[in-house]
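Below is one structure, written out as structure tokens; comments come after it.
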Amino acid sequence: MTLYIIIIVVFMLVGWTLTLIDNGKRNFPYGLIGALIGVAIPAGLLTCVIDKQPKAMDVYRGKTTLQITYQDSVAVDSVVVFKKKEK
């Protein structure tokens, strides 16, 4: 996960640098490429990093468990969550 964050920051810095180069000169490709590199690519990578919801295969492979919430000894909610990693 740390590697993803480092890659995202690098893409953002390169994109912002290209955008700053374009500032004032109006060189169309630099501003467009800078915006793409600085915004679109990091947004896509963040989506991959943040989207850590259990999938059906995770349940099938035994990577998840059922977390049940009780109120007055009555089950009111249940959520599928990843099991904690054993060290």
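Assorted remarks:
- Here I41 fulfils each of the conditions (1) outside any strand (DSSP E or B); (2) not assigned by TED's automatic domain parsing to the domain that holds F11 apart from (2).
- Among the residues of region 44-87, those identified as assigned to a helix (DSSP H, G or I) and without any contact (Cβ under 8 Å) to a residue 24 or more places away in the chain are G44, T47, I50, A56, M57, V59, Y60.
- Failed criterion for V10 (all others in (1) assigned to a helix (DSSP H, G or I); (2) among the hydrophobic types (A, V, I, L, M, F, W, C); (3) in contact with a helix residue (DSSP H, G or I) (Cβ under 7 Å, 6 or more places away or on another chain); (4) modelled with pLDDT of 75 or more hold): (3)
- Count of residues meeting criterion [modelled with pLDDT of 90 or more and either among the hydrophobic types (A, V, I, L, M, F, W, C) or assigned by TED's automatic domain parsing to the domain that holds I6 (or both)] in region 58-78: 5
The values are calculated or read from the model by the stated rules, or taken from the named source; none is laboratory data. Just so we're clear, the structure is a prediction, and the values are computed from it rather than from any experiment. FYI the Cβ positions are ideal-geometry reconstructions off the backbone, even for glycines, and counts take in every protein chain you see.
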